[in-house]
Amino acid sequence: MIRIQNITKRFGDYLALEGIDLEIEPGEFIALLGPSGSGKTTLLRIIAGLEFQDSGQVFFNGDDVSERGVGERHVGFVFQQYALFRHMTVAENVAFGLSVRRKDRPSKADIRARAEHLLRLVQLDGLGHRYPGQLSGGQRQRVALARALAIEPRLLLLDEPFGALDAKVRKDLRRWLRDLHKQMGLTSIFVTHDQEEALELADRVVVMDHGRIDQVGTPEQVYMEPATPFVSHFVGETNLLPSGIHVRPHDIEIVADGGLPVMIDNVFRKGGVWRIEGTIAQHDQVVEIDLDASLVAPAPGETVQIRPRRVRNFQE
Amino acid sequence: MTRRRTTTEGTAARRLLIALALAFLGFFLLLPLIAVFSEALKQGIGPFLDAVTSDDALSAIRLTLLVAAISVPVNMVFGVAASWAITKFQFPGKSLLITLIDLPFSVSPVVSGLIFVLLFGAHGWFGPWLAEHDVKIIFAVPGIVLATVFITFPFIARELIPLMMEQGKDDEEAAISLGASGWQTFWHVTLPNIRWGLLYGVLLCNARAMGEFGAVSVVSGHIRGETNTMPLHVEILYNEYDFVGAFAVASLLACLALVTLVAKTVLEWRFDIHGSAKH
């Protein structure tokens, strides 16, 4: 189990993390989700031992590792830009963690066998003799993953693992990583600013903003029951209606009368729904509505009445 | 289909610029190079060979090689250490260190030589103490080495700092996270990443170490067969109206320059290929 206790970190005058507490169960897949500057990467680097907290502690299975560097924490870290060693072949990259061992170094044959096994695991068998420069982005990502797994880490940390990939590759790799996690059961934490990624992959999502944790919960919880206005806006889309009501676009229905009058500005097809953009007449406030595509959409210029089906109020 | 040029004055201006550049290079570089070799070989190959194999010339060549053999490795270690410190760590006084590394570029070489005379000369700060212990620095080989190290130390660091800055520290962090020691990380990750830049710096550093005149002239004392490097030897021969001898030794230095140029071109070519293949 990973326990993070009251971590605070400053960079000069800038408060990057403030009083962070978090517990992670063995085998969990955790997403640190937040906008840039929320402190998510700093937190990941502190858990790794690449960065050190100003105060607070990090425990791995009850062991206080707060003062230990990354080399002693036995974690696998996958860098955003992969940080593959470009003068080494793919197989040498994967074997690096084993071949630099000073004690209990496996034999050359064992190291080679282990590297081959890992390359098979990440579906890159046969590419061991290539150089990183000869691989695609998605392949490099998997080499980085295999290299991190080679040292049999007790924890896998991934910094924006899909950030540098194009949309299609990202989606495939996402599904693949989820399956791999299920198969290996290795406790994993990844950083992302993409809420879709976090909701799809993680067992639990940690939503961060301005160096604090706003909410920790299952994807279902952070989406359906956001704890703060920030979470509500950052995870999924939210309309802020007059009198401080927060409502998702798909939780709004169009009614015959008795609703809030909205002037329709724009209507377009968004996947399986109509996305309607309108303005609340009296408040000059923009509102987005998703309407089942089987219904007839209102035309731009029309005025309709809307009613929220499901709302959230936040005590400010 | 006719393609319109974005600059209509293109052809004429371009030709003029190229002609200007070529004329400039011809006058300042090619002509002197030809002059050096033609003067050296004016009386045939015999006097040329006599001049470069005389005892004094051989001793000057030996001393020049010795000085380069000491100062280049010293600056290699210093350059790598300084660039490593500057690019991978945050510490107070960092910008001051960067400025100090540039100092030899901004100070006249003669002044650099004088600094060492002031420190280690007979009337210098450490002069009496050195005399007492019978250590000779000024007007001896150690002084020449010191002056050369000082003059050439920016070359390697200047080459490596931007390179290492651009590469960042992800690779090093990755190596450490995989359990490598600091030394293993340096040897297996950092050094291969910077090897072409390092070689390039070493090349420039070496060319300057062998060719330095001003600072070395101040601390050398011009003792024939003892403290004369090749550039100093050229000057002495020239002042003695031994033009064939002077140009013969000078032609060796010119050859060094040409070799450096070729090696530099080859390195730049390798460097480029490597640069585009990264990540």
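Report the longest stretch of chain A that contains none of the trypsin sites (Lys or Arg not before Pro) sitting in a DSSP loop with at most 13 other Cβ atoms within 10 Å. Write out the running numbers ahead of the final one.
Working: sites that count: A:102, A:103, A:309, A:310.
Here the longest run is A:104-308.
Can you give the average number of partner chain beta-carbon atoms within 10 Å of each beta-carbon in peptide B:223-231, as a whole number?
Values: counts 0, 0, 0, 0, 0, 0, 0, 0, 0.
Shielding by partners across B:223-231 averages 0.
Shielding of A:75-85 by partners, i.e. mean partner chain Cβ atoms within 10 Å per residue? Please report the intermediate quantities before stating the final value.
Working: counts 1, 2, 6, 2, 6, 1, 4, 4, 12, 5, 8.
Counting other chains' Cβ atoms within 10 Å and averaging over A:75-85 gives 5.
For the protein assembly as shown, take N as its residue count and report Rg(C-alpha) divided by 2.2 N^0.38 Å.
On the way: Rg = 34.4 Å, N = 595, 2.2 N^0.38 = 24.9 Å.
That ratio works out to 1.38.
Can you tell me which of B:202-209, B:54-61, A:190-197, B:38-45 comes out highest on packing, and rank the rest after it, using the mean Cβ neighbours within 10 Å?
On the way: B:202-209: 22.1, B:54-61: 17.5, A:190-197: 20.0, B:38-45: 13.9.
The most tightly packed comes first, giving B:202-209, A:190-197, B:54-61, B:38-45.
For the stretch B:147-279, what relative contact order do you get, as a whole percent, if you take Cα pairs closer than 8 Å and at least 6 residues apart? Working shown, then result.
Numbers: 95 pairs, mean separation 36.2, N = 133.
It rounds to 27 percent for the stretch B:147-279.
Using a cut-off of 14 Å between beta-carbons, work out the net charge of the residues near residue B:58 (Lys and Arg +1, Asp and Glu -1, residue B:58 not included).
Values: positive: B:62, B:224; negative: B:50, B:55, B:56, B:226.
Neighbourhood net charge equals -2.
Do the alpha carbons of any pairs in B:169/B:264; A:171/A:270; A:40/B:169; B:88/B:264 sit beyond 21 Å of each other, and which pairs?
Values: B:169/B:264 27 Å; A:171/A:270 19 Å; A:40/B:169 19 Å; B:88/B:264 27 Å.
Long pairs (Cα-Cα over 21 Å): B:169/B:264; B:88/B:264.
Taking a cut-off of 19 Å between Cα atoms, list the aspartates and glutamates near residue B:94, but don't count ones fewer than 8 places away on the same chain.
Of all the aspartates and glutamates, those that pass the test against residue B:94 - Cα under 19 Å, at least 8 places apart if same chain - are B:102, B:159, B:166.
Kindly point out which whole DSSP H helices in chain B project their C-alpha atoms 15 angstrom or further along the helix axis while averaging a Kyte-Doolittle hydropathy of 1.6 or above.
Working: long enough: B:10-25 (22 Å, 1.57); B:55-88 (49 Å, 1.22); B:94-106 (18 Å, 1.21); B:109-120 (17 Å, 2.61); B:141-167 (39 Å, 1.34); B:191-211 (29 Å, 0.70); B:243-277 (50 Å, 1.39).
Helices passing the filter in chain B: B:109-120.
Which order do the peptides B:148-157, B:94-103 take when ranked by the mean count of other beta-carbon atoms within 10 Å per residue, highest first?
Details: B:148-157: 24.3, B:94-103: 12.6.
Per-residue mean Cβ counts within 10 Å order the peptides as B:148-157, B:94-103.
Return the average number of partner chain Cβ atoms within 10 angstrom of each residue Cβ along peptide A:91-101.
Working: counts 0, 1, 2, 0, 1, 8, 6, 2, 5, 11, 4.
Average neighbour count from other chains, rounded to a whole number: 4.
Provide the descending list of Cα extents for the stretch A:241-313 along its principal axes, expressed in whole angstroms.
Largest first, the stretch A:241-313 extends 30, 24, 20 Å along its Cα principal axes.
Rounded, prolate or oblate: pick one for chain B, where a ≥ b ≥ c are the square roots of the eigenvalues of its C-alpha gyration tensor, a/c under 1.5 means rounded, and failing that, prolate if a/b is larger than b/c, else oblate.
Values: a/c = 2.06, a/b = 1.11, b/c = 1.86.
Note, shape of chain B comes out oblate.
Could you state, as a whole-number percent, how many of the C-alpha pairs of the stretch A:80-172 are farther apart than 20 Å? Walk me through the numbers on the way to the answer.
Numbers: 1416 of 4278 pairs.
The answer is 33 percent, as a whole percent.
No lab work stands behind these numbers, since they all come straight from the coordinates. Treat the numbers as computed from the prediction; the structure is a model and nothing was measured. A quick note on method: Cβ atoms are made from the backbone with ideal geometry, for glycine too, and the neighbour counts reach across all protein chains shown.
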